[in-house]
Amino acid sequence: MDAMQTALVYLKGVGPERARLLKEELQLRTYQDLLHFFPNRYIDRSRFYPINELPQNNAEIQIKGRITAISFVQQKRGKRMVATFKDHTGQMELVWFRGHQWIRDQLKINEDYVIFGRLNWFKGKASMPHPELELEQNFQKNLKISFYPIYPSTEKLINKGISQKVIQKMVVQLLQSQSQAFSETLPTALLNQYKLISKNEALRQIHFPNDQHKLTRAQLRLKFEEFFYMQMQLVLKNVQRKQKIKGHLFEKVGSYFNNFFRDHLAFELTEAQKRVIKEIRLDMGTGRQMNRLLQGDVGSGKTIVALLLMLIAIDNDYQACLVAPTEILAQQHYQSLSAQLKKINLTVALLTGSTTKKERESIHQGLQNGELNILIGTHAVFEDTVQFKQLGLAIIDEQHRFGVAQRAKLWQKNEMPPHVLVMTATPIPRTLAMSVYGDLDLSVIDELPPGRKTVKTLHRTDANRLKVFAFLKEQIALGRQVYIVYPLIQESSKLDYKDLMDGYESLSRSFPTPDYQISILHGQMKSEDKAYEMERFVQGKTQIMVATTVIEVGVNVSNASVMVIESAERFGLSQLHQLRGRVGRGADQSYCFLMTGSKLSREAQTRMETMTKSNAGFEIAEVDLRLRGPGNIMGTQQSGILQFKIADLIQDQALLKAARDQALRILKEDASLKNADHQCIKRTLSALKFDSNIWNFIS
Ligand code: ADP
Ligand code: MG
């Protein structure tokens, strides 16, 4: 067995109790784990602060000086031991709250010490509680490293005596016990191309760097490696799936597609739409199963692309399904698609949580005997009882809500899995797409239909409300329609519901009948009531739609030209962008008002500014990532794959791109990793299979 797989209990100075604590608190089990347990920062041990130049904060620092006196101060509970510590510039106090006698016996008066610890300030005076002390002569002798690694730790470990010093000693012990070089995990060609240092050197330097330059090189090398192996696993999964899993062969584009394209398309497709349809058509014609992500900004026209692709499936005698994240959206898709599909005599059904038992039975039957061509629905489509005669293509309109597991469920519906196309509602940042969807192929619609005017976005506070209302009346007088959206955050839904109803009442006073008609839509309504209210708005019978975020995704009323978002500071950027995307769909100039209180957090302010400045979803997504961090954007479900030991999705974007390109290139040129220079990859991957959370996540 690999020596690096040795349990930590066998490392000198560890023992069963410490081994248990390290496992419980830091998930460190083996030599390998400890070796890859990287410091999160370093302290420059060559730097000493004069006492009269101490930083006015709680920094951890090093000072050279002498203890000149020791005293005990009585306090409420027990005693405190205080040492006066002087250098040639001034004096301060060192303080101990426990373990006095033992420490007292060690301390030497008037000898040169190097002390290290966290500064504490009280009434303008500095002290250092529980400093680490070393006689200067010993310090000089022991000083082999100028950077002092600080490892992530926990309260419990510190209380149990596993201090930074103890962890450092364990790592030193481990590094010294391994006299041979640690084996290389990256191909020589890559090391040369990116001028990366060896694994051996990187591991030694990351723990005990000689200087800043060496540390930076070590970090670069290890970050690259971390990204590279994440990408290797994702891309490999894609490659292996293509090798192993046969897919339905869509050989032709037939009469359904062609007739629809020729006779019923309401507009000319954009070049980007044409390009992605071609990409996807080719992918479905290889005999391998397609797994693809389709990204496009809000309003870029993903739905029509989905429809045309489903027609290709039907042309090849297969069925297709379209899965939406909410019932409202599923209904919308159903209404608009069934109207279009009727023109070419195709049958389509809607299946959601509120489909009646009777309807459900007839849908099940239609799917099984093949009479139904297309099924549109919510996650109800994933249920085991829903079986198709021959499902060829599944399109998932995703709002980061469907997990990988649910997508995989579609596979079990027939012997051979359908082609899968995942569409995201708003763009997601490139680095996240490469991670969370890194095992999928990618198509991007990078163009909006012609004639779209950018939505004018304005940030207003409650003080401006009357002016905003006056503006709404002007727009309504011009024949336009208005959305007014209230936040709905699940945990406090009762309160939010009250906000919505209060808002509705006050609007009814400002916009009285019969001049104005208002629709209302929220999650607690019965679905037939929702459909009714939505329909009234779609037909222009009401001018104002008051709603919670149930309208967030996909609702499409091109005459609506104003979006008012109440308590906009409570929405995330992608939600705001998605909501704003509900307007600007027609030929008229559209507007979006972000209504907030007058006091905003800095982050909320940034969100409002980003929205007023930019209409570009990909750009907004990047800001969102910087503000919230990867885990919050993708949700906990995907967070496993977003945990990196050293790499950073935000700061190291270019490195991730390089790592992905290299993984793609290598697997393209040498899919079975036969090349001699790729043996290290093979070895590392098989070791990773045993302990990587990435693998658990993606399989
Ligand atoms: P999203 O990508 O956000 O799902 P949709 O598919 O809902 O966008 O399309 C937004 C609107 O643009 C719809 O009204 C749709 O009919 C229209 N549309 C889509 N493609 C084009 C095009 N090529 N030219 C003109 N309008 C288009
Ligand atoms: Mg859409």
- Query: Of all residues in the stretch 255-275, which are away from ligand 2 (no atom under 16 Å from the Cβ), more than 11 Å from Pro450 (Cβ to Cβ) and assigned to a helix (DSSP H, G or I)?
  - Reply: Ser255, Tyr256, Phe257, Asn258, Asn259, Phe260, Phe261, Arg262, Asp263, His264, Lys274, Arg275
- Taking the stretch 289-307 and keeping only residues that are near ligand 2 (Cβ under 10 Å from one of its atoms), in contact with a strand residue (DSSP E or B) (Cβ under 6 Å, 6 or more places away or on another chain) and polar (S, T, N, Q), one is left with Ser300
- Message: So in the stretch 209-237, with the set limited to residues that are surrounded by fewer than 18 Cβ atoms within 10 Å (Cβ to Cβ) and assigned to a helix (DSSP H, G or I), which one is modelled with the lowest pLDDT?
- Response: Gln212
- When residues of the stretch 307-325 are limited to those that are crowded, with 23+ Cβ neighbours inside 10 Å and within 16 Å of ligand 1 (Cβ to nearest atom), the one farthest from Leu372 (Cα to Cα): Ala324
- Filter result (of a type in the set (A, V, I, L, M), surrounded by 18 or more Cβ atoms within 10 Å (Cβ to Cβ) and under 32 Å from the mean Cα position of the chain (by Cα)) within the stretch 512-544: Leu521
- Taking the stretch 169-186 and keeping only residues that are assigned to a helix (DSSP H, G or I) and in contact (Cβ under 8 Å) with a residue 24 or more places away in the chain, one is left with Lys169, Met170, Val171, Val172, Gln173, Leu174, Leu175, Ser177
- Give the residues of the stretch 49-95 that are within 17 Å of Phe116 (Cα to Cα) and charged (D, E, K, R), sorted by residue number. Glu53, Glu60, Lys64, Arg66, Lys86, Asp87, Glu93
- Message: Conditions first: (1) touching a Phe, Trp or Tyr at 6+ places or on another chain (Cβ under 9 Å); (2) surrounded by 18 or more Cβ atoms within 10 Å (Cβ to Cβ); (3) part of a helix (DSSP H, G or I). Arg281 passes all but one, so which condition is the exception?
- Response: (2)
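Every residue, every condition in (1) more than 16 Å from Ala647 (Cα to Cα); (2) in contact with a strand residue (DSSP E or B) (Cβ under 8 Å, 6 or more places away or on another chain), yes or no:
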{"residue": "Asn192", "(1), (2)": "yes, no"}
{"residue": "Glu201", "(1), (2)": "yes, no"}
{"residue": "Asp211", "(1), (2)": "yes, yes"}
{"residue": "Ala218", "(1), (2)": "no, no"}
{"residue": "Leu222", "(1), (2)": "no, no"}
{"residue": "Phe228", "(1), (2)": "no, no"}
- Give the residue, chosen from Gly451, Gly438, that is in a loop (DSSP other than H, G, I, E, B), surrounded by fewer than 20 Cβ atoms within 10 Å (Cβ to Cβ) and not assigned by TED's automatic domain parsing to the domain that holds Lys599. Gly451
- Pairs where the first residue, in the stretch 319-336, is without any contact (Cβ under 8 Å) to a residue 12 or more places away in the chain and the second is in a strand (DSSP E or B) and of a type outside the set (D, E, K, R), C-beta under 9 Å, 6+ apart: Gln335/Leu350
- Does the stretch 295-306 hold any residues that are within 9 Å of ligand 1 (Cβ to nearest atom) and outside any loop (DSSP other than H, G, I, E, B), and which are they? Gly296, Lys302, Thr303, Ile304, Val305, Ala306
- Query: Quick check: is even one residue across the stretch 488-507 within 35 Å of the chain's Cα centre (by Cα), of a type in the set (Gly, Ala, Ser) and not in a helix (DSSP H, G or I)?
  - Reply: no
- Task: Working only within the stretch 80-94, note down all residues that are surrounded by 14 or more Cβ atoms within 10 Å (Cβ to Cβ) and either in contact with a Lys or Arg (Cβ under 8 Å, 6 or more places away or on another chain) or not small (Gly, Ala, Ser) (or both).
- Result: Arg80, Met81, Val82, Thr84, Phe85, Lys86, Asp87, Gln91, Met92, Glu93, Leu94
- Query: Can you name every residue in the stretch 412-427 that is in contact (Cβ under 8 Å) with a residue 40 or more places away in the chain and either surrounded by fewer than 24 Cβ atoms within 10 Å (Cβ to Cβ) or closer than 20 Å to Gln289 by Cα (or both)?
  - Reply: Met416, Pro417, Pro418, His419, Val420, Leu421, Val422, Met423, Thr424
- For the stretch 144-189, what are the residues that are surrounded by fewer than 17 Cβ atoms within 10 Å (Cβ to Cβ), closer than 25 Å to Thr216 by Cβ, of a type in the set (Ser, Thr, Tyr) and in contact with a helix residue (DSSP H, G or I) (Cβ under 9 Å, 6 or more places away or on another chain)? Ser153, Ser183, Thr188
- Message: Take Ile206 and tell me if it is surrounded by fewer than 18 Cβ atoms within 10 Å (Cβ to Cβ), β-branched (Val, Ile, Thr) and assigned by TED's automatic domain parsing to the domain that holds Lys657.
- Response: no
- Could you tell me whether any residue of the stretch 382-392 is buried (at least 16 other Cβ atoms within 10 Å of the Cβ), within 16 Å of ligand 2 (Cβ to nearest atom), in contact (Cβ under 8 Å) with a residue 40 or more places away in the chain and not assigned by TED's automatic domain parsing to the domain that holds Thr548? no
- When (1) more than 26 Å from the chain's Cα centre (by Cα); (2) among the aliphatic types (A, V, I, L, M); (3) over 27 Å from Thr454 (Cβ atoms) are applied to Ile304, the one that fails is (3)
- Query: Just one of Arg29, Arg45 is surrounded by 13 or more Cβ atoms within 10 Å (Cβ to Cβ) and at pLDDT 90 or above; which is it?
  - Reply: Arg29
- Could you look through the stretch 569-619, keep only residues that are without any contact (Cβ under 8 Å) to a residue 12 or more places away in the chain and of a type outside the set (Asp, Glu), and pick out the one that is farthest from Leu448 (Cα to Cα)? Lys599
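The values are calculated or read from the model by the stated rules, or taken from the named source; none is laboratory data. Values in this document were obtained by computation on a predicted structure and should not be read as measured data. A quick note on method: Cβ atoms are made from the backbone with ideal geometry, for glycine too, and the neighbour counts reach across all protein chains shown.
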